[in-house]
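**Q** Structure in structure tokens, see below.
The values are calculated or read from the model by the stated rules, or taken from the named source; none is laboratory data. Not measured: the values here are computed from a predicted model. The protein model used for the area step is the full one, side chains on, heavy atoms only, and it has no ligands, DNA or RNA in it. Shrake-Rupley method; radii C 1.70, N 1.55, O 1.52, S 1.80 Å.
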Amino acid sequence: MSSTLLEQYIRLHTAITHYASDLRERVSEEAGKTTVEWLVIMVGLTALATALVGAGIWTQVAQGIASAVGTLISKTIGHAV
């Protein structure tokens, strides 16, 4: 009975070790891709923000958000009283 248990432990340990090794290898291979993807996203967001500021849209967006928040607050206060 103990030899069977020892054999199962060795198999499990070997499988976990192999899985961890493969996972480390995959993560190290894809490390540079994530950085490039985030860089592209940040450049795109910066370009979008610049275009929106240049068009004056941020002012309209800010006013719309302020109006919506004000409406929510007034409705909430009205129900709380």
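**Q** Of the residues Ile57, Ile41, Ile77, only one is among the aliphatic types (A, V, I, L, M) and open to solvent by 90 Å² or more (accessible area, probe 1.4 Å); which?
**A** Being among the aliphatic types (A, V, I, L, M) and open to solvent by 90 Å² or more (accessible area, probe 1.4 Å) holds for just one of Ile57, Ile41, Ile77, which is Ile77.
**Q** Could we say that Thr71 is modelled with pLDDT under 85 and assigned to a helix (DSSP H, G or I) here?
**A** no
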